[in-house]
Amino acid sequence: MYKHLDDDRYLDITVPKYEMSLLREEIFSDQIHEDFRSELAGNQSEGKLLSWYCKEQLGKYLCHHAKEFKGMKYELDSLWFNVSHAGDFNPPHQHGGDISFVIFVQIPYTMIDQVDKYHASGGNLAGHFSFYYNDIFGKQCDLPIPVDVTYENTMFMFPAKLKHGVYPFHGTESPRITVSGNLHRSGKVKKT
């Protein structure tokens, strides 16, 4: 389903079982993954590259949706997973490439746990994913999305230039696990 942010939009869809099982199998295996945290914006416990095989298999699915989303052919450029524990966060940032995505693999909390339990007044954004953008008048806006366990197996796909971030969560020992990556238009020279 397409959702709009003034002059831009993002895709919000459920990832099929095959692709999710592929991701889970690799993430939760004993396989050694290359540390990727030095390339990431977040303050998180782990950020690791997924294997060539996983990238090849998932790339077909992602490129198909990117083409439907923006009407052009794309290639998967990078693919990694993030493991965040209570207190970890991802500040507002944007990605390289043309299209970015995040897939919610494991979210170990509900919004009731994060918001109601701690009785914050006003804008308690614990555990929220947020997009940051300027409206047509140049006003800075954000769209916080209450991502919790109900978002597992969901993917957001969006223009890489669209700033986004994730607020810290609390109250659980289990990690939040997401998969992210970037796609670039086919035939386009990659930026380094």
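The values are calculated or read from the model by the stated rules, or taken from the named source; none is laboratory data. The shown structure was predicted, so the numbers you read here are calculated from the model rather than taken from an experiment. Counting neighbours? That spans all protein chains shown, and the Cβs are built from the backbone with ideal geometry, glycine included. Each accessible area value is taken on the protein alone, full model and side chains, heavy atoms only, with ligands, DNA and RNA left out. Shrake-Rupley method; radii C 1.70, N 1.55, O 1.52, S 1.80 Å.
Structure values in brief
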item	result
Failed item in (1) small (Gly, Ala, Ser); (2) crowded, with 18+ Cβ neighbours inside 10 Å; (3) modelled with pLDDT under 90, with Ala120 passing the rest	(2)
One residue from Leu62, Leu76, Leu23 being farther than 23 Å from Glu173 by Cβ and either out of contact with any Gly (no Cβ under 6 Å at 6 or more places or on another chain) or among the charged types (D, E, K, R) (or both)	Leu62
Qualifying residue in segment 82-96 (condition: of a type in the set (Gly, Ala, Ser), under 28 Å from Asn134 (Cβ atoms) and not in a strand (DSSP E or B))	yes
Checking Asp113 against (1) of a type in the set (Asp, Glu); (2) part of a strand (DSSP E or B); (3) more than 20 Å from Ile27 (Cα to Cα), the condition it does not meet	(2)
Any hit, segment 87-106, residues being open to solvent by 30 Å² or more (accessible area, probe 1.4 Å), on the phi > 0 side of the Ramachandran plot and touching an Asp or Glu at 6+ places or on another chain (Cβ under 6 Å)	yes
Residue satisfying all of: in segment 62-74; surrounded by 18 or more Cβ atoms within 10 Å (Cβ to Cβ) and not aliphatic (A, V, I, L, M); nearest to Gln140 (Cα to Cα) among these	Phe69
Residue in segment 160-169 that is out of contact with any Gly (no Cβ under 9 Å at 6 or more places or on another chain), open to solvent by 50 Å² or more (accessible area, probe 1.4 Å) and part of a strand (DSSP E or B) present	yes
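To keep it simple, each residue is scored yes or no on (1) open to solvent by 60 Å² or more (accessible area, probe 1.4 Å); (2) in contact (Cβ under 8 Å) with a residue 40 or more places away in the chain; (3) not hydrophobic (A, V, I, L, M, F, W, C).
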{"residue": "Thr14", "(1), (2), (3)": "yes, yes, yes"}
{"residue": "Tyr18", "(1), (2), (3)": "yes, no, yes"}
{"residue": "Ile32", "(1), (2), (3)": "yes, no, no"}
{"residue": "Ala41", "(1), (2), (3)": "no, yes, no"}
{"residue": "Ser45", "(1), (2), (3)": "no, yes, yes"}
{"residue": "Leu50", "(1), (2), (3)": "no, yes, no"}
{"residue": "Tyr53", "(1), (2), (3)": "yes, no, yes"}
